[in-house]
1. Enumerate the aspartates and glutamates that Lys60 could reach by cross-link, defined here as Cα to Cα under 17 Å, with residues fewer than 8 away along the same chain left out.
2. Under a 5 Å amide H to amide H cut-off, with H placed in plane at 1.01 Å, what residues pair with Leu130 once short-range neighbours are removed?
3. To check you understand DSSP bridge types, tell me what percent of the beta bridges within the stretch 16-216 (both residues inside) are antiparallel, rounded to 5.
4. Explain nothing, just the number: relative contact order of the chain, from Cα pairs under 8 Å at least 6 residues apart, as a whole percent.
5. Indicate the gyration tensor shape class of the chain (rounded, prolate or oblate), computed on the Cα atoms with a ≥ b ≥ c the square roots of the eigenvalues: a/c under 1.5 is rounded; otherwise a/b larger than b/c is prolate and the rest oblate.
Amino acid sequence: MMAPAAVHPPTEAPDAEAEEAGRRLFAQPCSFLAGATSDDALPADRLPEIAFAGRSNVGKSSLINALTGRTTLARVSRTPGRTQQINFFDLGHRLMLVDLPGYGFAQAAKKDVAAWTGLTRRYLRGRASLRRVLVLIDARHGFKMVDRPVLELLDESAVSYQIVLTKIDEVGPAELARRVEAVAKEARRHGAAHPALHLTSARDGSGIAALRAALGALAAPARPR
Ligand SMILES: Nc1nc2c(ncn2[C@@H]2O[C@H](COP(=O)(O)OP(=O)(O)OP(=O)(O)O)[C@@H](O)[C@H]2O)c(=O)[nH]1
Ligand SMILES: [Mg+2]
């Protein structure tokens, strides 16, 4: 699958070597390690971690499945808000993929919202091994009000984060270009945001190789055999 044409502002374009390294990393076995609903259930932070954050239904679990080439690793929900725990996936003992609970679903019980802002907040603020947070934004909708407090929290926590547009298969090229422009403009107002956006589709595979390459650069080195 071809990556989408370059759009202004620039999206991340990896070189062939980085792409091959990312491909090899994500071909490693990936296994579910833990599903944490409380601080004391978080696994030891021994590996560099990449957290996937975003509104409920934005496609976090689907993106993890697409990156790892599995269809059933992270559970994909038809009912928004199903993933109410922090799920950890160990990728080849080199990188931890962390599926965060979705936020902002309309029927959320108050206690669920409190749970997100409790455990997830503490995780984002205090996790020493957290290398990057991917903030997923639906390419059909762009930023919503519920995303703003999350960006602010990330700014405060001083963790590096990056915007990933999801479901780009659902929008035409002109709309996508407009969305990228608007999202990038908003992201530039946040100091800690990585300037390049990733444009992805878990459905048709667009942008997956490029994202693997970018994340590969953050992984622990492969052990010599
Ligand atoms: N067209 C299209 N649909 C997608 C894509 N990625 C995910 N979806 C659909 O969007 C819905 C939600 O996907 P999930 O991966 O469960 O979303 P999530 O962010 O993990 O949701 P929560 O765990 O509830 O927060 C599912 O019906 C997916 O099939 C994509 O790239 N393209
Ligand atoms: Mg999910």
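What follows draws every value from the coordinates through simple rules; no lab data is involved. Because the structure is predicted, anything quoted here is derived from the model rather than measured.
1. Correct list for Lys60: Glu49, Asp90, Asp99, Asp138, Asp147, Asp169, Glu170, Asp204.
2. Correct list: Glu49.
3. Numbers: 11 of 31 bridges.
Bridges in the stretch 16-216 are about 35 percent antiparallel.
4. The normalised contact order for the chain reaches 29 percent.
5. Details: a/c = 1.43, a/b = 1.05, b/c = 1.37.
The shape class here is rounded.
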